[in-house]
1. What helices (runs of 4 or more DSSP H) completely inside the chain contain at least 1 residues that are among the aliphatic types (A, V, I, L, M) and free of Cβ contacts under 8 Å to residues at least 60 places away in the same chain?
2. Quick one: count up the residues across region 23-65 that are in contact with a helix residue (DSSP H, G or I) (Cβ under 8 Å, 6 or more places away or on another chain) and charged (D, E, K, R).
3. Which count do you get for residues in region 30-48 that are open to solvent by 90 Å² or more (accessible area, probe 1.4 Å) and farther than 30 Å from LYS20 by Cβ?
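The values are calculated or read from the model by the stated rules, or taken from the named source; none is laboratory data. A quick note: this is a predicted structure, and the numbers were derived from the prediction, not measured. Every residue, glycine as well, gets a Cβ built from its backbone with ideal geometry; the counts of neighbours run over all protein chains shown. These accessible areas exclude ligands, DNA and RNA; they are computed on the full protein's heavy atoms, side chains included. Shrake-Rupley method; radii C 1.70, N 1.55, O 1.52, S 1.80 Å.
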Amino acid sequence: MVTNLQLDGRLIAEAARLGKHRTKEEAVTQALTEYVQNLRQEGILDLFGSIDFDPSYDYKRQRTKS
């Protein structure tokens, strides 16, 4: 998908240099990938305290079944 954006050229150049990307597109794609991953991880943190813990669950027994 082609998208035209007004981006800070110095910022893109620095990201490409630091990330050792060959193109601006690679730098932006990597940045967006990491941004989405970070947001997903933050969503997982919201689950803490909302999932019931089963004290009888034996994770070691689960391992031996595979």
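1. 9-18, 24-45
2. 2
3. 3
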